[in-house]
Every structure is written in C-alpha cells, then in structure tokens.
1. Which order do peptides 129-140, 149-160 fall in by mean Cβ count within 10 Å, highest first?
2. Report, largest value first, the span of the C-alpha coordinates of region 1-113 along each principal axis, in whole Å.
3. Give me Rg over Rh for region 72-186, both radii from the alpha carbons and Rh done the Kirkwood way, two decimal places.
4. For every helix of n ≥ 4 consecutive DSSP H residues, a contribution of -39,500 (n - 2.57) applies; sum these over the chain, divide by its total residues, and give [θ] at 222 nm rounded to the nearest 500 deg cm²/dmol.
5. Mind telling me which of 193, 125, 20 comes out most flexible in a GNM of the chain, alpha-carbon contacts under 10 Å?
6. Provide the FRET efficiency to the nearest 0.05 for the residue 73-residue 208 pair, computing r from the beta carbons and using R0 = 25 Å.
7. Hey, what did region 8-249 get for relative contact order, percent, Cα under 8 Å, at least 6 apart?
8. On alpha carbon coordinates alone, what is the Rg over Rh value for region 8-249, Rh being the Kirkwood radius?
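Where a number appears in this text, it was derived from the coordinates with a stated rule and is not lab data. This is a predicted model, so every value here is computed, not measured. Cβ sites come from the backbone with ideal geometry, for glycine too, and all protein chains shown count toward neighbours.
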Amino acid sequence: MGLMDNKVVAIFGVANKRSIAWGITRALVDAGATVALNYQNDRMKDSIEKLVDELPYRPWMAPCDVTQDGDIERFFEGLKAEFGHLDGLVHSVAFAPKDELSGEFANTSWDGYALAHKISAWSLIPMCKLAAPLMEGRQGGVVSLSYVGSEKVVEGYNLMGVAKAALESNTRYLAANLGPQGIRVNAISAGPIKTVSAMGIGGFSTILDHVEQRSPLRRNVTPEDVGKAALFLLSDLASGVTGQVLFVDSGQSILGA
Ligand SMILES: NC(=O)c1ccc[n+]([C@@H]2O[C@H](COP(=O)([O-])OP(=O)(O)OC[C@H]3O[C@@H](n4cnc5c(N)ncnc54)[C@H](O)[C@@H]3O)[C@@H](O)[C@H]2O)c1
C-alpha cells in the first residue's frame, strides 16, 4: 500500500529533469499517486514527453500557461473530464524577467513586478478555486514552492522575494478560506537548487556554495528532498497541518549572521 494510492494529483511546473516539480512527481508516483501534468508550451511538452518515459505509466498532460486567459480554466475542465475528482495540487511555477534578478531593487519596473506576481503568486488562487470543487469530500491538499527570500533580503532575488511573500500570504488566506471544506494549503520553502529558473538569479552559485559550507547539514537540498516533504504534506500524514511554510533547506534558515 502506497501513501498516495487511488489519489489524483495535478502538478504544475515540470520543465525538465532538474525541475523541483519533477522530484515531487517522482516521490508522488513512487507512493502510488496518479499524476496529471501541465506543460507551459510545445517546447516544454517535447522535453516532458521524454521524461515521462521514466514513469511506470503515461500521465495525463495538458497545456497551461498561467498568463494566457482561459488556460487554467481549460486545464481544470480537462482534468474534471478525465478523472472527475482531485486529491492534490502542486504549484511549482515562478518567473521574473532576468534583468530584474540582479542589480538594485529600487530599479524594479511595474511590468516586471506585475508579471512576476501574476505567474509566481496570483496563479495559485485560481488554481485553488478550480481545484476545490474537485476535492469535495476528499481531504485535498495543496503545496506551493517558496524561498527564504520572502522574509529575508537575499541579494539578487529582488522582486521574486516580494512575490514569494505574496505566495506565502496567499497560502495562509487560502488555508483559512478552504479549511472548512477539509482542504489543506501549505508551502515548502526550499533551499537553493540548481534548476533552469534558479540559474537566472544573480550570484546563485555563491548561494549554493554558502549553504554547502555553512548550513547545519553541510549540503544543498535536492528535488528528492523536496519531493519527500511534498509527499508528506499532501498525504494523510499531514492531516492536521495547514497554512504553514515548511523549510526544506538543510537548516540554513535557522542561522543568524
Ligand atoms: N531552484 C531553487 O533554488 C528554488 C528554491 C526555492 C523555491 N523554488 C521555487 O520552486 C518552483 C519551481 O522552480 P524550479 O527551481 O524547479 O525551476 P524550473 O525552471 O524547473 O521550474 C519553473 C517552472 O515554472 C514554469 N512557468 C514559468 N512561467 C510559467 C507560465 N507563464 N505558465 C506556466 N508555467 C510557467 C516553467 O514552465 C517551469 O516548469 C518555483 O516556484 C521556484 O521559485 C526554487
């Protein structure tokens, strides 16, 4: 018996084999879940098509670019038609224009700020709204991905830090709103991991080195570490946990200067 047997989980954010969402997908599939994946565009579809060959079954997949009107709605309509219900939702989606992820925060543009927030924070809200009716009576769980730059200043993280603060606040408001329906909403604050998105952040390799040298566990976390924590939060093991931000960061965030 797997922890996620007979459970359907929609996962947003697999781009390639390094994606945190792929680590989460592997952990959920190993635990017996039936996963459904989005792809942002056709280029990413091709890359994911190759990846899913590694899974024991071919997952249901559909396009969804969260900036395109109607895409999130169409994704959930397709999901409803295919499965009729949903037990879990993973939001592992973020974006900010590269030129905003280095240099002075005071230079942040409105367009960059708005886009980063739409993709990285706001999109969780319509996803949860559309997931909720499919989770009725099923004790559903939602997990999103944050970073410590939401609460402490991390050089170069700039407007993504502000978007992550919004994402974490969304998590608490959604947890309060959807809790009476038995739906739990949590976030994982992951330590730095070398993914395509992360490499766009100015000074990222220095951050990786710092965690390896100074964190309590003296290593960087992996998508597998995050996958196991997401499995915990989405499973019945976390039945009393909602509205929380769980750090999966080798303990880095407990350290002072
Ligand atoms: N890598 C890290 O160091 C780190 C640390 C903490 C949190 N996170 C968070 O983890 C999540 C996943 O990032 P990752 O590091 O695995 O990188 P990644 O590049 O593998 O994943 C980012 C995903 O966001 C998706 N995305 C971007 N714009 C989109 C749009 N308009 N519509 C739909 N999807 C869109 C991409 O398709 C991609 O799948 C993000 O929320 C990121 O902020 C990453």
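1. Values: 129-140: 17.0, 149-160: 19.2.
Averaged packing, sorted descending, gives the order 149-160, 129-140.
2. 53, 28, 26
3. On the way: Rg = 15.7 Å, Rh = 15.0 Å.
Computed over Cα atoms, the ratio is 1.05.
4. Working: 8 runs with 97 residues, N = 257.
Calculated from helices alone, the mean residue ellipticity at 222 nm is -11500 deg cm²/dmol.
5. Of 193, 125, 20, the most mobile in the Gaussian network model is 125.
6. 0.10
7. On the way: 451 pairs, mean separation 53.3, N = 242.
Worked out over region 8-249, it gives 22 percent.
8. Numbers: Rg = 17.0 Å, Rh = 18.0 Å.
That ratio is 0.94, to two decimals.
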